[in-house]
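Student: Pasting in a structure now, in structure tokens, and then I'll have a few things to ask.
The values are calculated or read from the model by the stated rules, or taken from the named source; none is laboratory data. Source: prediction; values computed, not measured. Here Cβ is always computed from backbone atoms with ideal geometry, including for glycine, and neighbour counts include all displayed protein chains. Remember, those area values only see protein heavy atoms, side chains included, never the ligands or the DNA or RNA. Shrake-Rupley method; radii C 1.70, N 1.55, O 1.52, S 1.80 Å.
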Amino acid sequence: MNTVSGDRFWFGGDYNPEQWPRDVWDEDVRLMGRAGVTVATVGVFSWSRLQPAPGAWDFTWLDDVLGRLAEAGIGIDLATATASPPPWLVAAHPGMAPVTADGVVLANTSRQHYSPHSPVYREHALALVRALAERYGRHPGLVAWHVNNEYACHVPRCYGPDADVAFRAWLRARYSTIGELNAAWGTDFWSQRYSGFEEITSPRTSPTAGNPTQLIDFDRFTSDAFLDLFRAEAEIVREASPGIPVTTNFMGAFRPLDYWKWAREVDFVSDDSYPDPVDPQAPVAAALTRDLMRSLGRGKPWVLMEQATSAVNWRPANAPKAPGQNRAYSLQAVARGADGIMYFQWRQSAAGAEKFHSAMLPHAGPDSRVFREVCALGAELAELSRLRGAAVPARVAIVFDWDSWWALEQESTPTRLDYPALVQEWYRAFWARDAVVDFVPADGPFDAYDLVVVPALHVADDAALTALAAVPERGGRLVVGFMTGILDRNLRVRAEGCLGSLAGVLGVRIEEFAPAAPAPGAAAPVLRLTGTLGELSASTWAEFTHAVDTEVCASFEDGVVRSWPAVTRRRTGAGEAWYVATRLDPPSTDRLVGELLDGAGIELPTTGPSEHVEVVRRGDAVFVVNHSPQEQTVAVRGHGPRTLGPHGAEVLFG
Ligand code: GAL
């Protein structure tokens, strides 16, 4: 599938007509037409309406809604409605509620109050999906199935009795004998040796640090359990609707779910994104997630399934989007591969926990700046529709790995690291220079890239290290950051030393870690570096690393690692293998990234870095987006200087 579906960009949002009387539905469809809405996501939280009591179904209202939408030419992204079970179900089966690591049973007074491991939940959810699939599987307006909603959003893990049973089954499949599990988990440490699978529980709150392998296996198991629920629903709707694509909405770089695995199961990737309108770093984080979504789908178009037209209502203070900012973020997503721009939600709710969350049609009604901006964007996307399916070329790859994220967050590490923050530090330097980045899993493929950056790939198996080693060997540039290649997939320290087979390619030998911990009450120490790259500074991390067969580009100036190598480069014919043994601060990362891009001969669409404006090529269009509240001028290659007003954006062709 090249484009997501149909011949227009998806433009629309979650539509929750069950919150409104029927006469409002007439106005909804009329105003959707005015706004240029092409797709509505229906039924996300409708379970208690669709099945008001055990065995009782009510589809009449949904028949009516879907009929109206189809008649108006609006595509239907039909939700399976399984994200919020009805009160009668929870009352009859209290054991299906999720349980936290501290044993707290979560109440059904909100949403997502189900354990992903509950057989009762699964049985009832699949019965609902079957009923929906049977009734609407061939509906003329159906353009996609929207399975569940934001899996694991509020319940990232469940530790109840059903979790224990399911965890044991998952472990039995992974380790055929208890002996194998004991070896993998290193249970001879602290007398944790198990004599049978039935002794194992989920890793609930424990006296001190838990078994690291058990913890990461529980993270993997949880991601797999949610995925299994997705698969079960997807199988039903796929059978009922051949050719209709199936998705579930992701949440950017989201810790609980290993989206590399998930992305293989959806027909197209979709994402929910709520950047804080007043956070100056938010455009970078948003760009990162857009690139991640495109990369998860291996370059195929994706859909921005949810964003806000203006304010959300779950931050301590909910700033509105400034005039133009909704358009700027939307065009950023299109530039980075989205074929759909959707919102939560169409009409702002009058009641419930999200009544202050903005919508396409706000409380103020159609005579509002928000609705006018929505209509203008709908018209603009219709004009741009020939860009659907167009590729976003990237020559830089950054490795993103959920196992490393999970492992780095555990208690027993040399230093705690915020993995996504570290990835974003590297990403930001490329973003500022308008070098588009693809994200790639640890084992590649890397063939398409001239430059591959590996931030803190803490957990790495031989396959990943071999794939990375091939990058400089074939003439590419490889940049490996600290804390890489320390553990194998069982979180055992790699027997042959840090970096495994990569050590030789990088020409280094790591002897000892030396994290730069602040003295009690003192600020985090700054590490100064000097060398052929000039004066650099860093923080957080240092190490005693030998430059065995490589050039030292920067050495530590301070502390216990004074004069030890901090940044090295080993030339391998046309290729280069860099090792960065510290956490460079942003200006120093910029300096290194500038050097790497120049060295790799990567042509950029602008002539200098910018903190505010991004320039991205997609197909034959160049998107220029100013994320700042001030006017900005940027020199776009082939188009000269462009001046954009606050949150201004333009699409240039040619
Ligand atoms: C998402 C969710 C929507 C809505 C939105 C705004 O997490 O899928 O249903 O809650 O956020 O808060």
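Student: Report, in debye and to the nearest 20, how large the dipole of the chain comes out about its Cα centre when Lys and Arg carry +1 and Asp and Glu carry -1 on their Cβ.
Tutor: 620 debye
Student: Right, another one. What is the packing order of peptides 160-173, 464-477, taking the mean over residues of other C-beta atoms within 10 Å and listing the highest first?
Tutor: On the way: 160-173: 18.3, 464-477: 20.4.
Ranked by mean Cβ neighbours within 10 Å, highest first: 464-477, 160-173.
Student: Starting with the highest mean, order 354-362, 54-62, 261-269 by the number of other Cβ atoms within 10 Å, averaged over the residues of each peptide.
Tutor: Per-residue mean Cβ counts within 10 Å order the peptides as 354-362, 261-269, 54-62.
Student: Oh, and also: With a Förster radius of 60 Å, plug the Cβ-Cβ distance of Arg138 and Glu473 into 1/(1 + (r/R0)^6) and report the FRET value to the nearest 0.05. It would help to have the intermediate numbers written out before the result.
Tutor: On the way: r = 53 Å, r/R0 = 0.88.
Efficiency, rounded to the nearest 0.05: 0.70.
Student: Right, next: Leaving out ligands, DNA and RNA, what percent of the accessible area of the chain is carbon and sulfur, probe 1.4 Å?
Tutor: Here it works out to 53 percent.
Student: Taking every pair of Cα atoms in the range 103-209, average 1/r, invert it to obtain the Kirkwood radius, and report Rg/Rh to two decimals. Don't skip to the end; give the middle numbers.
Tutor: Details: Rg = 19.0 Å, Rh = 17.1 Å.
Computed over Cα atoms, the ratio is 1.11.
Student: Quick one: Cα centre-to-centre distance for the range 452-520 and the range 399-429, in angstrom?
Tutor: 14 Å
Student: Could I ask something else about it? To the nearest 0.05, how large is the calculated FRET efficiency for Glu27 and Val104 if R₀ is 60 Å and r is the Cβ-Cβ distance?
Tutor: Calculated value: 0.90.
Student: If you average the C-alpha positions of the range 277-351 and of the range 125-185 separately, how far apart do those two centres end up, in angstrom?
Tutor: 27 Å
Student: Hey, what did the range 613-653 get for relative contact order, percent, Cα under 8 Å, at least 6 apart?
Tutor: The normalised contact order for the range 613-653 reaches 41 percent.
Student: Something else about it: Net charge within 12 Å of Arg130 by Cβ-Cβ distance, Lys/Arg positive one each and Asp/Glu negative one each, not counting Arg130 itself?
Tutor: Taking every Cβ under 12 Å from that of Arg130, the sum is -4.
Student: Something else: Put +1 on the Cβ of each Lys and Arg and -1 on the Cβ of each Asp and Glu in the chain; which of Met483, Ala635, Leu171 then has its Cα farthest toward the positive end of the dipole?
Tutor: Farthest towards the positive pole: Ala635.
Student: Now, a different point. Rounded to the nearest 20 debye, what is the charge dipole size of the range 613-653 about its Cα centre when +1 sits on each Lys and Arg Cβ and -1 on each Asp and Glu Cβ?
Tutor: On the way: 4 positive and 4 negative charges, 28 e Å.
That gives the range 613-653 a dipole magnitude of about 140 debye.
Student: In Å², what does the accessible area per residue of the chain work out to with a 1.4 Å probe?
Tutor: Accessible area per residue: 37 Å².
Student: Can you give the FRET efficiency for Asp63 and Ser385, using 1/(1 + (r/R0)^6), R0 = 45 Å, r = Cβ-Cβ distance, to the nearest 0.05?
Tutor: Using R0 = 45 Å, I get an efficiency of 0.90.
Student: Gap in Å between the Cα centre of the range 218-240 and the Cα centre of the range 601-635?
Tutor: 39 Å
Student: Only four residue types carry charge here, +1 at the Cβ of Lys and Arg and -1 at the Cβ of Asp and Glu. Report the dipole size of the range 396-600 about the Cα centre in Debye, rounded to the nearest 20.
Tutor: It comes to approximately 280 debye.
Student: Any idea what Rg and Dmax come out to for the range 613-653 if you just take the C-alpha atoms, in Å?
Tutor: Final numbers for Rg and Dmax: 9.5, 29 Å.
Student: For the chain, what is one quarter of the convex hull surface built on the Cα atoms, given in nm²?
Tutor: Numbers: hull surface 117.6 nm².
With the hull built on Cα positions only, its mean projection is 29.4 nm².
Student: Sorted by average packing, counted as other Cβ atoms within 10 angstrom per residue and highest first, what order do 244-254, 179-189 take?
Tutor: Most protected by this proxy first, the peptides run 244-254, 179-189.
Student: Still on this structure: Can you tell which of Ala35, Val615, Val508 lies farthest toward the positive end of the dipole of the chain, using +1 and -1 charges on the Cβ of basic and acidic side chains (Lys, Arg; Asp, Glu)?
Tutor: Ala35
Student: Suppose each label sits 7 Å from its Cα in the direction of the beta carbon; what would the Val548-Val560 distance come out to in nanometres?
Tutor: Taking the simple label geometry, Val548 and Val560 are separated by 2.3 nm.
Student: Using Cα-Cα distances under 8 Å and only pairs 6 or more residues apart, what relative contact order does the chain have, in percent?
Tutor: 11 percent
Student: How much net charge surrounds Glu496 when only other residues with a Cβ under 13 Å from its Cβ are counted (Lys, Arg +1; Asp, Glu -1)?
Tutor: In short, 0.
Student: Let me ask something additional. So who's got an amide H within less than 5 Å of the one on Thr41, skipping anything under 5 residues away but keeping other chains? H placed 1.01 Å off N, in plane.
Tutor: Here Gly13, Asp14, Tyr15, Asp77 satisfy the definition.
Student: Thr187: net charge of surrounding residues, Cβ under 13 Å, Lys/Arg +1, Asp/Glu -1, itself excluded?
Tutor: Numbers: positive: Arg193, Arg492; negative: Glu180, Asp188, Glu199, Asp217.
Around Thr187, the charge tally is -2.
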